[in-house]
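Peer 1: Got a structure for you, written out below as structure tokens; questions coming shortly.
The values are calculated or read from the model by the stated rules, or taken from the named source; none is laboratory data. No experiment lies behind these values; they were computed from the predicted model shown. Cβ placement follows ideal geometry from the backbone for every residue including glycine, while neighbour counts extend to all protein chains displayed. Ligands, DNA and RNA are stripped out before the accessible areas are found, and what is left, the full protein with its side chains, is counted by its heavy atoms. Shrake-Rupley method; radii C 1.70, N 1.55, O 1.52, S 1.80 Å.
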Amino acid sequence: MIEAPFLLPLIIIVPLLLALGVVIRVTQRVAIKIAPWAALPALLAGLLLDDGKLQLPGMLINSYLLFDNTGRLFLLMSAMLWLATGLLHQAYSGALYAQQKVVFKLLAMAGCFLMPLAGDVLMFMAATTLAGYSLYGLLAQEKNRTTREAVNVMLVVLVVGDIVLFELLQLLGMHAVSVDFDAMRQAFVMTEQMNVQFGLLLFGLGAKMGLLGLHFWLIPVFITSHLALRPALISFIFSAGFIAWLRLFPLGEVYYPAIGALLQWGAWLMLGYALLLGVRQTHRRGVLAVILMTVTALWLSIVAALLIQPELWLSMSRSLVLAVIQMGLVMSALLIGQGLLKHKPTLKHSYALTVCLAIFLLAVAPVSLIRHFDSANSLTVTSLWIGAGIMMFLLWRTHFLLLASAEDSSYSKVLKTSHKGRSVNRYLFPGLVAVALVTAVPNLKFLSAITAFSFLLLFASMLLIAWLSRFYKPTEPSQLTSGFIVQQFKQGSSAIMEATQYLDIYSTRLRKGITKRFSPKFVLSHFSWYERSLNRWSVALIIMVLIGLLVSVQGLLNQ
Amino acid sequence: MNWHAWIPLFVVVSSLLPGLIIFGLPEERVGWRTLLNLTGAVIKLLLVSWMIWGVYQGDHFETRLALLPDLDLVLRAGPLSLFFVALSTILWLVTTVYAIGYLEGSPNRSRFFGFFSLCVTATVGVALAGNLITFLLFYELLTLATYPLIVHRGTDTARRAGQTYLRYTIFGGALILLGTVWLYQLTGTLEFTPRGFLSQIDPQHYPALKIIFALLIAGLGVKAALFPLHGWLPQAMVAPAPVSALLHAVAVVKAGAFGIVRVIYDVFGVEFSADLGVTTPLAWIAAFTIIYGSLRALFQDDLKRRLAFSTVSQVSYIALGVAIAGPIATIGGVVHLVHQGLMKITLFFCAGNLAETLGIHKVSEMNGVGRRMPWTMAAFTIGALGMIGAPPVAGFISKWYLGVGALEAGQDWVLLVLMGSSLLNCAYFLPILYSAWFKPTPKSWPEEHHFGRQETAWALLLPPLITALMALAAGLLTGLPFSPLEWAKIIAEREFYQP
């Protein structure tokens, strides 16, 4: 390992400089050619640089870069996913390559790399904003309306989440001696308003992680985003969501069983909802969005356990980070692997084996954490088993449905991929799964025989149930951005499903109603008189007098 | 000769003299006019840099000239005044370059640049004023110098906007005059003093002081566009883009906000104002204006009008920060004086570029303009994100300190205002960015002018790029010495911690 923290800024500067190079006409051609490899410095830094800290004099409020074990793992994951994005992006260049797109991609990449390196909350917020807005820019480049509608919803959720998070940081900032993460965690521990602050944290980060109620952007964005951009999407969600939890919330230092219990039931509810949502998905990528919701539910369940039994954190912190990264890598692999499913003949043995391995690695990640919990955390342990089961069931079911109805338009319709794109993908898909396997080894080593046996039993059961359930086919989606569930429900669906469908319909109506009421046309038609009258100085004078009177009355009442 | 006693005066004269000469120049003397403008701006910048360095070292700069018996015309350089002077000087230089490009070939340029220089002279005078009477003189001069700029185009709309502006500002000036005379009658002094000069006054005068405070704040609130005195600002949008930039970022609105800061800090004193109970109503009005301005901005299709209502909202952050009456909120409020200036001038420059190059005046006409004018829209994007409070642009730092400061002062409700304002800012800025960058480009623009391979003239393009980079740097490099934040900290320290 090389001890050279002064090299850390290069990880961010390289993509930023390349973005500048793409904008300047003289350097454009060269910069675009190098752009796919812009993640290499990050990958090399993750592999070669020693842990360290680099003060950035004058930047923000005494900001610094921190390179520790957690940051390294997330940086490595991001670097690999962005490298995959770059290579895929270049491979699909025929239809998609555009200067603006490359700039947004490089900016989003810089933001995603900065998140695991940020040593303080302001730097982290800057990184999240850069990554979030640039990723939005990247996704919004797609020409079709559905994609744009989907990413617009994503933007709204991200913005609201960021604002909530900003308010939380201000609340913590009042008690913290500085803005670095250590001080903020201390402020969290000392706070007297844990309920409020935990709520803000849950909302702020949940918006990015697909928390139940804030998840409605996930499915449309997953479905409509281009194959080349899917690893980037996962990199952003995992960096902005999970790293923030690990850095900001004092896991293992807070004992708050009341919130823990509430969160635990919330996680259970989310798991149930994810199962219903997953079964009703008509699109394979939509299923992966639901898998992400499941991952979030499992995360909440673990956080709940840590709030009830904080001492667990010491033994499980490293395993947890590895498991999260393992799931991120597998999800990205599955997302890009779907690009290979253009026709039935592509479902060859090698592909099927890789998919099997990927599903195994995804499901085994939460199960491998079970060894850290005891009987006091039976709810968490159960949720980890159930979560693993749901993930396996949904993914298997998707593949069985695909096999059963390759002619069905909703399942056989995939993006037109270039030959070059497919060939790159053919290596990237197993490559990412292989890296996930390496990540899984440290956790799998400690898997007890009984857990391993139980897992294999679950694996086989889910395979069987998924195979049996292939006869229930979801119908075509009515509209992608409509809300919680994206298709009409059939007669005979269960009452719970109907309820969620109604929720979907009413939330859509509510959204449309609000949009209409706040449309400039509507408001201007009603308030033009008001605008005219307020621009008169005499009206201003009258209002001034009224304010004066109000203040005087208030003063008199105080006396 | 003691230079320190004359430099504040030289700073004022450095724009006054070129302005007076420019009035006499024939229209066709473009070179001379440009030379005079830029020379004045550069000299002013050098003098201000000298003063900043001097004040940082503990030097004292003061010009005192007898005006009336017992009343002097005082120009004094302190941390607060230099903060505003530095802003107006730097932005004047940039705006001058922009105005030269913007008005190329248009009539009455000597008149325009003459008043332009007078306007900056008045602003610098307002900033350096060492007592309330000097402040009032330059404040009124600012009104008179700005009026010809607003009506510069000579159209009926421009004249109407000018009349509205005069009505509002003369009314405001009269209120300040009334308050100043009353205050002088009560105290016998008008000298700006750190932490104010009223804390020792007999408590029987407290009701009178409350009314004086209301008069002064109402008078200043006209230029600071506090609700309900903001009506002139959106109408003044008929003025050319450099004037809009000047109104919103450098001179008029800022003079009002700066005046509020002066009255609270150096006339009443923060602690005394809080004890008197006058800061809370001001905080309410500022908070209301923040939300109200944002709501109004949301429904404007005219780009400059939307930006004008955004100014109404954003300038009130300054008043809010000061009215919260705590050291951290003070930093947030004061630093926003500079941050808002940098961001808003960028936005107005960009709006001017769009109007001059493509004839775009409305938000609904901006579809795909990012592809046609990428650099202009990149600068606009930075300005807009800064206004929203997105890190690391300057607005983020202001909002951070305002929020933390409000919590520290026990005014938790301010957090909701900031949150609402940020959301509304997103609601009226992000659709613009979306239209510009992601919507398809139309077949033709309302009124397109070509500038060779460039998207627009260099003189129009460079100023917004420079100010956008400054807005970014002001947010990103806050820890550097002489950064706006560091300077605001010095001001807050002087107001709250120094004995």
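Peer 1: In region B:475-495, which residues give up 40 Å² or more of accessible area once the other protein chains are added, compared with their chain alone (1.4 Å probe)?
Peer 2: Those are B:Leu476, which lose 40 Å² or more relative to the chain on its own.
Peer 1: Moving to a separate point now. Suppose the chain between A:Phe6 and A:Leu464 were pulled fully straight at 0.36 nm per residue; how much longer would it get relative to their current alpha carbon spacing? Spell out each step's value before the answer.
Peer 2: Working: separation 458, 0.36 × 458 = 164.88 nm, distance 5.40 nm.
Full-extension gain reported as 159.5 nm.
Peer 1: Same structure again: Ignoring ligands, DNA and RNA, how much accessible area is buried between chains B and A, both sides summed, with a 1.4 Å probe, to the nearest 100 Å²? Could you put the intermediate results ahead of the total?
Peer 2: Numbers: alone 18300 and 24740 Å², together 38440 Å².
Rounded to the nearest hundred, the buried surface is 4600 Å².
Peer 1: Per-residue accessible area for B:Asp202 at 1.4 Å probe radius, Å² rounded to 10?
Peer 2: My reading of the accessible area for B:Asp202 is about 70 Å².
Peer 1: Something else: Calculate for chain B the 222 nm mean residue ellipticity that helices alone would give, adding -39,500 (n - 2.57) per DSSP H run of length 4 or more and normalising by residue count, nearest 500 deg cm²/dmol.
Peer 2: -23500 deg cm²/dmol
Peer 1: Quick check on the protein assembly as shown: of the DSSP beta bridges with both residues there, what percent are antiparallel, nearest 5%? Please report the intermediate quantities before stating the final value.
Peer 2: Details: 18 of 19 bridges.
For the protein assembly as shown, the DSSP antiparallel bridge percentage is about 95.
Peer 1: In addition: Distance from the Cα centre of region B:150-208 to that of region A:428-444, in angstrom?
Peer 2: 71 Å
Peer 1: Under a plain spin-label model, where a point goes 7 Å from the Cα along Cα-to-Cβ, how far apart in nm are A:Ser448 and B:Gln185?
Peer 2: Label at A:Ser448, label at B:Gln185, 9.0 nm between them.
Peer 1: What net charge is computed for the residues neighbouring B:Arg64, neighbours being all others with C-beta under 9 Å from the C-beta of B:Arg64, Lys and Arg scored +1, Asp and Glu -1? Walk me through the numbers on the way to the answer.
Peer 2: On the way: positive: B:Arg76; negative: B:Glu62, B:Asp72.
After counting each charged neighbour, the total is -1.
Peer 1: Work out from phi, with θ = phi - 60° and the Karplus expression 6.51 cos²θ - 1.76 cosθ + 1.60, the ³J(HN,Hα) of each residue of region B:326-334, listed in order in whole Hz, and give x for Gly and Pro.
Peer 2: Whole-Hz 3J(HN,Hα) from phi for region B:326-334: x, x, 6, 5, 4, 4, x, x, 5.
Peer 1: Continuing with the same structure: Accessible area per residue, 1.4 Å probe, Å², for the protein assembly as shown: what's the number? Walk me through the numbers on the way to the answer.
Peer 2: Working: 38440 Å² over 1058 residues.
That works out to 36 Å² for each residue.
Peer 1: Using only the Cα atoms of region B:278-499, build the gyration tensor, take square roots of its eigenvalues as a ≥ b ≥ c, and label the shape rounded, prolate or oblate: rounded if a/c is under 1.5, else prolate if a/b is larger than b/c, else oblate.
Peer 2: On the way: a/c = 2.84, a/b = 1.79, b/c = 1.59.
In terms of gyration-tensor shape, prolate.
Peer 1: Just grab the label-to-label distance for A:Ser350 and B:Arg29, each label 7 Å out from Cα along the Cβ direction, in nm (one decimal).
Peer 2: Reported label-point gap for A:Ser350 and B:Arg29 is 8.2 nm.
Peer 1: In what sequence, largest accessible area first, do A:Ser383, A:Ser378 appear using a 1.4 Å probe? Mind dumping the intermediate values first?
Peer 2: Working: A:Ser383 0, A:Ser378 65 Å².
The residues order as A:Ser378, A:Ser383, largest area first.
Peer 1: Short version: ³J(HN,Hα) in whole Hz for each residue of region B:224-239, in order, from phi by Karplus 6.51 cos²θ - 1.76 cosθ + 1.60 (θ = phi - 60°), x for Gly and Pro, what are they?
Peer 2: 6, 6, 6, 4, x, 9, 8, x, 6, 5, x, 5, 5, 5, 5, 5
Peer 1: Shifting gears a bit: Tell me, what is the FRET efficiency for B:Ala459 and A:Gln99 to the nearest 0.05, using R0 = 25 angstrom and their Cβ-Cβ distance as r? Show your work: numbers first, answer last.
Peer 2: Values: r = 26 Å, r/R0 = 1.04.
The value I calculate is 0.45.
Peer 1: Give me, ordered by chain and number, the residues 5 or more places off B:Asn131 or on other chains with an amide H under 5 Å from its own placed amide H.
Peer 2: Answer set, sorted by chain and number: B:Val74, B:Phe192.
Peer 1: OK, next. Using alpha carbon centroids, what distance separates region A:96-156 and region B:247-272, in Å?
Peer 2: 39 Å
Peer 1: If you rank A:Met462, B:Met387 by how much accessible surface each has, with a 1.4 Å probe, what is the order from largest down?
Peer 2: A:Met462, B:Met387
Peer 1: Could you give the dipole magnitude of chain B about its Cα centre, charging the beta-carbon of Lys and Arg +1 and that of Asp and Glu -1, in debye to the nearest 20?
Peer 2: So the magnitude is around 1160 debye.
Peer 1: Hey, another quick one. What accessible area, in Å² to the nearest ten, does a 1.4 Å probe give for A:Val539?
Peer 2: Approximately 40 Å² for this residue.
Peer 1: On to the next question. Given chain B reduced to its alpha-carbon atoms as identical point scatterers, what log10 I(q)/I(0) does the Debye formula return at q = 0.07, 0.09 Å⁻¹?
Peer 2: Scattering profile of chain B, log10 relative to I(0): -0.33, -0.56.
Peer 1: How large is ³J(HN,Hα) for each residue in region B:414-430, as worked out from phi by the Karplus curve 6.51 cos²θ - 1.76 cosθ + 1.60 (θ = phi - 60°), to whole Hz, x for Gly and Pro?
Peer 2: Going residue by residue, I get 4, 4, 5, 4, 5, 5, x, 5, 4, 4, 5, 4, 4, 5, 9, 9, 5 Hz, with x marking Gly and Pro.
Peer 1: Could you pull out the pairs from A:Lys105/B:Lys439; A:Lys101/B:Lys399; B:Lys223/B:Lys304; A:Lys105/B:Lys399; B:Lys362/B:Lys399; B:Lys254/B:Lys489 whose alpha carbons sit more than 21 Å apart here?
Peer 2: Numbers: A:Lys105/B:Lys439 19 Å; A:Lys101/B:Lys399 31 Å; B:Lys223/B:Lys304 18 Å; A:Lys105/B:Lys399 28 Å; B:Lys362/B:Lys399 29 Å; B:Lys254/B:Lys489 19 Å.
Those over the limit are A:Lys101/B:Lys399; A:Lys105/B:Lys399; B:Lys362/B:Lys399.
Peer 1: If I ignore ligands, DNA and RNA and count only protein heavy atoms, how much of B:Glu191 is accessible to a 1.4 Å probe, in Å² to the nearest 10?
Peer 2: 50 Å²
Peer 1: I want the local charge near B:Ala297. Using Cβ-Cβ distances under 9 Å, sum +1 for each Lys or Arg and -1 for each Asp or Glu among the other residues.
Peer 2: Numbers: positive: B:Arg296, B:Arg305, B:Arg306; negative: none.
My count for the surroundings of B:Ala297 gives +3.
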